Every structure is written in C-alpha cells, then in structure tokens.
1. Within 10 Å, Cβ to Cβ, of residue 130, how many net charges do the neighbouring residues add up to if Lys/Arg are +1 and Asp/Glu are -1?
2. Among 35, 129, 142, which comes first, then next, by fewest other beta-carbon atoms within 10 Å?
3. By count of other Cβ within 10 Å, fewest leading, how are 146, 122, 92, 27 ordered?
4. Express in nm, to one decimal, how much length is gained between residue 135 and residue 122 on full extension, taking 0.36 nm for each residue of separation and deducting their alpha carbon distance.
5. Counting Lys and Arg as +1 and Asp and Glu as -1, what is the net charge of the other residues whose Cβ lies under 13 Å from the Cβ of residue 34?
Amino acid sequence: MTNNEKAVKVLGELVEACRDGQDGYRDAAEHVTDRELAHLFNQQSLQRAGFAGELEQELINLGESDPDRTGSAKAAIHRAWIDLKATLGGGDHAILNSVEAGEDTAKKAYERAVQNAELPEDIALIVRRQLTSIQAAHDHVRSLRDTKAA
C-alpha cells in the first residue's frame, strides 16, 4: 500500500467519524430538554459537518473522485440507543453520557490519525487542528454531564 493509499484510508476513517459525530449531535439535540444543550449540540453537528467537508476535499485532492460521505453502522446503533434512552425518560444526563461515549470514539480515531506517519504534513496539520477542537468538545460535554449529575 502506498503512502497515498494509506493517507486516503486514514482520511476515510476520519470522515466517517465526523459524519457519525454530525448525526449523533443532531440526534442528541432533538432529544434533550435543555435548550442551551440543544443549541450546543446543533453547533457541534455543524462543526463536524464542516470537518468532514474539509477532509473530503483533501480526499479529492489525493485523487478520490467520490469519497464516501456516510457514517458507520455502529454509530447508527449508538444513535438508536440514544433514542431508546430518551423514550424511556433517561433525561439530559443520559444523553450527555451517550454523547461523551461518541466523542471518545472520535478522539481515538483522531489520535490514531495524528500518529500516522504516512499523512502528508499539510493534511496532518488539519487533522491536529480538528483533534484539538474535538478534545475541547469532549471535555466540555464531560463537564456538562458531571454538572447534570450533581
């Protein structure tokens, strides 16, 4: 596998993680009762869509004419679990728990990517910048979850 093919594979995984986050945040926003949380989740959903678009452009630059723009089946199951929790009255704290779990997955994907030596430096810069934002979102969600638990 060439370095270009490896970079395409890594970027494809990150696009999937971003689409999962985009859909997960949007779904969570629909279920929380706190309007500020809903607003935050919608903002994060839009940010993840932007991240995915930025990475998809890099895939195109690497020669992928039609990059996959979908999320994973695992994340779809996770969103169904959020839906079930909301239906059963799990409340905002339960949804925040689920969102944090999704963020853990995204963080891990990005952390693996930044350690990948096959990424061209210009793409690695994008990935590191996005990781910084994802880490901040994760920490913020965790803080909100802990506050709601108190």
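1. +2
2. Arranged by neighbour count, lowest to highest, 35, 129, 142 become 35, 129, 142.
3. With the sparsest Cβ surroundings first, the list reads 122, 146, 92, 27.
4. Length gained between residue 135 and residue 122: 2.6 nm.
5. Result for the local shell: 0.
Where a number appears in this text, it was derived from the coordinates with a stated rule and is not lab data. Not measured: the values here are computed from a predicted model. All Cβ positions, glycine included, derive from the backbone under ideal geometry; neighbour counts span all protein chains shown.
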